[in-house]
Number of protein chains: 2
Amino acid sequence: MMDGCIDTHRLEQLRYIYSKTLLNDVVPFWMKFSIDRENGGYFHYLDRDGSLLCSDKAVWLQNRSLWFFSKLYNEIEKNDEWLAAAKNGYEFIKNHCIDSDGRMFFLVDKQGRKLRKRRYWFTETFGILGLSEYAKAANDREAYELALQTYRLIVHLYHHPEELPSKFYSENRNIQSLTATMLLMSTTQVIRAMDVDKSISSDFSQVIDTCIGDIQRYFFKPNERALLETVAQDGSVINTPDGRTINPGHSIETAWFLMQEGLYRGNRDTIALGLQILDASLERGWDETYGGLFSFVDLEGKPSEHVEWDMKYWWPHTESLYALLLAYVITKDDKYLASYDEVHAWTFSHFPDYEYGEWYGYLHRDGSIALPVKGSAWKGTLHLPRLLIQGIALIDDCINQ
Amino acid sequence: MMDGCIDTHRLEQLRYIYSKTLLNDVVPFWMKFSIDRENGGYFHYLDRDGSLLCSDKAVWLQNRSLWFFSKLYNEIEKNDEWLAAAKNGYEFIKNHCIDSDGRMFFLVDKQGRKLRKRRYWFTETFGILGLSEYAKAANDREAYELALQTYRLIVHLYHHPEELPSKFYSENRNIQSLTATMLLMSTTQVIRAMDVDKSISSDFSQVIDTCIGDIQRYFFKPNERALLETVAQDGSVINTPDGRTINPGHSIETAWFLMQEGLYRGNRDTIALGLQILDASLERGWDETYGGLFSFVDLEGKPSEHVEWDMKYWWPHTESLYALLLAYVITKDDKYLASYDEVHAWTFSHFPDYEYGEWYGYLHRDGSIALPVKGSAWKGTLHLPRLLIQGIALIDDCINQ
């Protein structure tokens, strides 16, 4: 029902759960185990109990931790320890993680010596997230300029993919990837929200116009109810395992980026597109047998190429929770609350580690733990904290309206 | 007991099982579903029932199928259909899979248009396997010359890794990989066995000397009972998830390459090294809870970086069976037969698909099927056929001795 009443009691209950998870389980874990006070930057290869598995520093994770501590300071409380933790990462990133061409390294060692750089500019998108949020927290113009400069570079590369080496010979297989579009969209939303220079805010919105257009024209197939990860340049389906791949977590993340943009613009069509992608992707991704979301599914129900396709990762679940909460708040439709509750129950009964804090990230299909680590080259301080911090803000907005 | 009696009854029974599996389950599947009679080459993205999942052609798999059909012709029976199937791949590989620099592409489309080339020369090693075996089957000097030319290229690249782009900045993380060493060793054994030009056979053996030396000096840690996948240039352990990774399947494959070399040379030390690696790797890799071999384990028992670490793949099992059979035949020690029987029981009760033929490749830890495909970008016609064809030959040699 589109014009129902919001269940404010449920939202208050959720706010309590989010706040408790954030402040009791998540923040203490990363404050205690991730900050490298000797070299700067953040450790993130962390075992179940927080012990260090490796001292190398993936720059995705440096950037995400910078975002995390800055966001905490900006949104939750002006806690100087959080700001200091952010600054500890900012100096490390600025001094060690940026190459002379303005792009970022992918991996450095604990002292910040470069180990690896990748052809994709995804590390940079997380850099922009972190630098923007830090600029706001520390009121640091230099950090904002660095974010903006990096942002301009990735916008350029989005439009000129030929400037970076590609995996495929493009004369024979010219593909485009949803990851680039969704990351550019989200990154643009974050840097635009810093609101530093109003004269360029319409430039940001134009970039997002392009992203929304690309999603609609190329990646989303409404008749098949599928948002695809990889399509041909003209948007046609490539009949290979890659071309048929749906990543439900990515799709649902994209759905809430769209809903959020619709809200910002007051544009019902963009909200509707987000809701449509959310509905379709949950249907595609939910495991009716064991519950939880698959990591990869095939457009035609054929076997995935990913051997780990049926594993349950934490992040598609946190993305789904935020998307469903947002859908509920926007539409007031009880079906989204019911769906939220189903995903919430599975998520909160499988991922949290009540003994050592933080969440497990990698479960088998049946929900048993596959890897006990709390941090890896991929799992860090973005998805779960983002759900919790943004969820709290969304609930507050909704209740105080 | 080193001087026990061979259980010839068990070996005859195994010969029967191998032969039946090869001729009833494996060969018909690939003859029926993999041969692209229109474009040449081989399909290999095959679903459980043989239906086509994708018409792209990975060159690893083209090369391995060329090896398979040629090896069948050379070892099992002079069947013209097998030779024709080999020729069908040879022409495709020669015309479409080799780049102008002598290296091979990694992926082409069904018509043979180049799609992808990788920085590693592993595709080429499978090319040498296939071309050598085909040269013998078809008595084709051109194919042998192509194999030899490709072989010379990879030997050069083994000694000059700096000529290919590396993932890591070598001034800060200079690593070496077991994969290169073990593949070069095996490839050299195969091309040497063609015995075309005796004047260069000592060149081949010198290359193998280098590989054995590198395994002993750098990759094998006898005190830790571990063959490592990646070590520093001086052989020291790199304390990262990658640096601590043991791949039991790889290790056990390396073990039988060594035993085989020891037999060829009549060198007890090389056999002993192979046996030591086999014992250590089985101990490391065997899952005491569910049976079967893990895909990746950590040197210190820490969590693996590979989310799929506990999955059971077909190929570590076929490699173990061949290694244990060889160990038993060489040593006549009953412990290897007992070990063989344990791995055999698990393997033959989990991987074969008695309904559609061929074997499943990708199981969950508990042995349930994760992916029903029979062929993928990695699974094709090397590991299972090699066990069966070489196993039959080994048993014949042993019984007829």
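The values are calculated or read from the model by the stated rules, or taken from the named source; none is laboratory data. Predicted model, so just to flag it, every value in this text is computed and none were measured. Don't worry about glycine lacking a Cβ; one is built from the backbone with ideal geometry, like all the others, and counts go over all protein chains shown. SASA here: full protein model, heavy atoms, side chains in, ligands and nucleic acids out. Shrake-Rupley method; radii C 1.70, N 1.55, O 1.52, S 1.80 Å.
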Exercise. Report yes if some residue within the range A:258-269 is without any contact (Cβ under 8 Å) to a residue 60 or more places away in the chain, over 20 Å from the mean Cα position of the chain (by Cα) and closer than 20 Å to residue A:316 by Cα; otherwise report no.
Key: no
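Filter the range B:331-344 for residues that are part of a helix (DSSP H, G or I) and either touching an Asp or Glu at 6+ places or on another chain (Cβ under 7 Å) or open to solvent by 40 Å² or more (accessible area, probe 1.4 Å) (or both); which is farthest from the other protein chains (Cβ to nearest Cβ)?
Residues of the range B:331-344 that are part of a helix (DSSP H, G or I), as a first pass: B:331, B:334-344.
Retained after the next criterion (residues that are either touching an Asp or Glu at 6+ places or on another chain (Cβ under 7 Å) or open to solvent by 40 Å² or more (accessible area, probe 1.4 Å) (or both)): B:334-335, B:337-338, B:341-342.
Working: B:334: 36, B:335: 33, B:337: 32, B:338: 31, B:341: 28, B:342: 25 Å.
Ranking the qualifying residues of the range B:331-344, first place goes to B:334.
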Quiz item: Among B:192, B:244, B:217, which is the only one that is free of Cβ contacts under 8 Å to residues at least 60 places away in the same chain, among the basic types (Lys, Arg) and farther than 24 Å from residue B:170 by Cα?
Solution: B:192
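A quick yes/no check of all residues on (1) among the small types (Gly, Ala, Ser); (2) within 14 Å of chain A (Cβ to nearest Cβ); (3) touching a residue at least 12 places away in the same chain (Cβ under 8 Å):
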residue	(1), (2), (3)
B:78	no, no, no
B:85	yes, no, yes
B:91	no, no, yes
B:105	no, yes, yes
B:110	no, yes, yes
B:113	no, yes, yes
B:125	no, no, yes
B:128	no, no, yes
B:136	no, no, yes
Quiz item: Which one is farthest from the other protein chains (Cβ to nearest Cβ) among residues in the range A:11-20 that are open to solvent by 10 Å² or more (accessible area, probe 1.4 Å) and touching a residue at least 12 places away in the same chain (Cβ under 8 Å)?
Solution: A:12
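Taking the condition over 10 Å from residue A:59 (Cβ atoms), open to solvent by less than 10 Å² (accessible area, probe 1.4 Å) and in a helix (DSSP H, G or I), does residue A:128 pass? Don't jump to the end; show me each part of the working.
Working: over 10 Å from residue A:59 (Cβ atoms): yes; open to solvent by less than 10 Å² (accessible area, probe 1.4 Å): yes; in a helix (DSSP H, G or I): yes.
Yes; evaluated as a whole, the condition is true for this residue.
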Practice problem: Quickly run through the range B:171-202 and pick out the residues that are modelled with pLDDT of 90 or more and more than 20 Å from residue B:103 (Cα to Cα). | Solution: B:171, B:172, B:173, B:174, B:175, B:176, B:178, B:189, B:192, B:193, B:194
Quiz item: Any chance the range A:280-291 includes a residue that's over 27 Å from residue A:381 (Cβ atoms), over 19 Å from the mean Cα position of the chain (by Cα), of a type in the set (S, T, N, Q) and outside any helix (DSSP H, G or I)?
Solution: yes
Quiz item: Name the pairs whose Cβ atoms lie under 8 Å apart, with the first residue in the range B:359-383 and within 9 Å of chain A (Cβ to nearest Cβ) and of a type in the set (Lys, Arg), the second outside any loop (DSSP other than H, G, I, E, B) and open to solvent by less than 20 Å² (accessible area, probe 1.4 Å), and 6 or more positions between them or separate chains?
Solution: B:365/B:312
Quiz item: Can you tell me which of B:277, B:246 is more than 30 Å from residue A:368 (Cβ to Cβ), surrounded by 22 or more Cβ atoms within 10 Å (Cβ to Cβ), in contact with a strand residue (DSSP E or B) (Cβ under 7 Å, 6 or more places away or on another chain) and at pLDDT 95 or above?
Solution: B:277
Quiz item: Could you list, in sequence order, the residues of the range B:381-401 that are open to solvent by 10 Å² or more (accessible area, probe 1.4 Å) and among the small types (Gly, Ala, Ser)?
Solution: B:393
Self-check item: Lone unmet requirement of (1) assigned to a helix (DSSP H, G or I); (2) without any contact (Cβ under 8 Å) to a residue 60 or more places away in the chain; (3) small (Gly, Ala, Ser) for residue A:170
Solution: (1)
Quiz prompt | Residue tally, condition within 14 Å of chain B (Cβ to nearest Cβ) and under 22 Å from residue A:130 (Cβ atoms), over the range A:165-197 | solution = 0
Self-check item: Failed criterion for residue A:51 (all others in (1) within 14 Å of chain B (Cβ to nearest Cβ); (2) under 20 Å from the mean Cα position of the chain (by Cα); (3) within 30 Å of residue A:345 (Cα to Cα) hold)
Solution: (2)
Quiz item: Just a yes or no: is a residue in the range B:334-344 more than 21 Å from the chain's Cα centre (by Cα), among the basic types (Lys, Arg) and on the phi > 0 side of the Ramachandran plot?
Solution: no
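Take residue A:274 and decide whether it is more than 13 Å from chain B (Cβ to nearest Cβ), within 26 Å of residue A:213 (Cβ to Cβ) and within 18 Å of the chain's Cα centre (by Cα).
Details: more than 13 Å from chain B (Cβ to nearest Cβ): yes; within 26 Å of residue A:213 (Cβ to Cβ): yes; within 18 Å of the chain's Cα centre (by Cα): yes.
Answer is yes for this residue.
Give A:265, A:244, A:217, A:284 a once-over and let me know the one that is closer than 24 Å to residue A:308 by Cβ, away from chain B (no Cβ under 14 Å) and basic (Lys, Arg).
Criteria check complete, one pass: A:284.
Say we look at the range A:304-322 and pick out the residues that are more than 9 Å from chain B (Cβ to nearest Cβ) and in contact with a strand residue (DSSP E or B) (Cβ under 8 Å, 6 or more places away or on another chain); which of these is surrounded by the most Cβ atoms within 10 Å (Cβ to Cβ)? Explain how you work it out, then say what you get.
Of the residues in the range A:304-322, the ones more than 9 Å from chain B (Cβ to nearest Cβ) are A:312, A:314-322.
So of that shortlist, the ones also in contact with a strand residue (DSSP E or B) (Cβ under 8 Å, 6 or more places away or on another chain) come out as A:312, A:314, A:316-317, A:320.
Working: A:312: 27, A:314: 22, A:316: 25, A:317: 25, A:320: 32.
Checking each candidate, the answer is A:320.
Here's the yes/no breakdown for (1) farther than 25 Å from residue A:52 by Cβ; (2) buried (at least 16 other Cβ atoms within 10 Å of the Cβ); (3) in contact with a strand residue (DSSP E or B) (Cβ under 7 Å, 6 or more places away or on another chain):
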{"residue": "B:181", "(1), (2), (3)": "yes, yes, no"}
{"residue": "B:196", "(1), (2), (3)": "yes, yes, no"}
{"residue": "B:200", "(1), (2), (3)": "yes, no, no"}
{"residue": "B:238", "(1), (2), (3)": "no, yes, yes"}
Quiz item: Out of A:60, A:82, A:67, which single residue is within 23 Å of residue A:325 (Cβ to Cβ) and either part of a helix (DSSP H, G or I) or charged (D, E, K, R) (or both)?
Solution: A:67
Quiz item: How many of the residues in the range A:73-90 are open to solvent by 60 Å² or more (accessible area, probe 1.4 Å) and under 23 Å from the mean Cα position of the chain (by Cα)?
Solution: 3
Quiz prompt | Residue list for the range B:356-401, restricted to those being more than 26 Å from residue B:187 (Cα to Cα) and in a helix (DSSP H, G or I) | solution = B:399, B:400
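Looking at the range B:102-155, which of its residues are aliphatic (A, V, I, L, M) and more than 21 Å from residue B:83 (Cβ to Cβ)?
Here is the first cut: in the range B:102-155, the ones aliphatic (A, V, I, L, M) are B:104, B:107-108, B:115, B:128-129, B:131, B:135, B:137-138, B:143, B:146-148, B:153-155.
Those that are aliphatic (A, V, I, L, M) and more than 21 Å from residue B:83 (Cβ to Cβ): B:104, B:107, B:108, B:115, B:148, B:153, B:154, B:155.
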Quiz prompt | Flag for residue A:50 being without any contact (Cβ under 8 Å) to a residue 60 or more places away in the chain and either buried (at least 19 other Cβ atoms within 10 Å of the Cβ) or on the phi > 0 side of the Ramachandran plot (or both) | solution = no
Self-check item: The lone exception for residue A:301 - which of (1) farther than 28 Å from residue B:297 by Cβ; (2) open to solvent by 20 Å² or more (accessible area, probe 1.4 Å); (3) in contact (Cβ under 8 Å) with a residue 60 or more places away in the chain; (4) not aliphatic (A, V, I, L, M) it fails
Solution: (3)
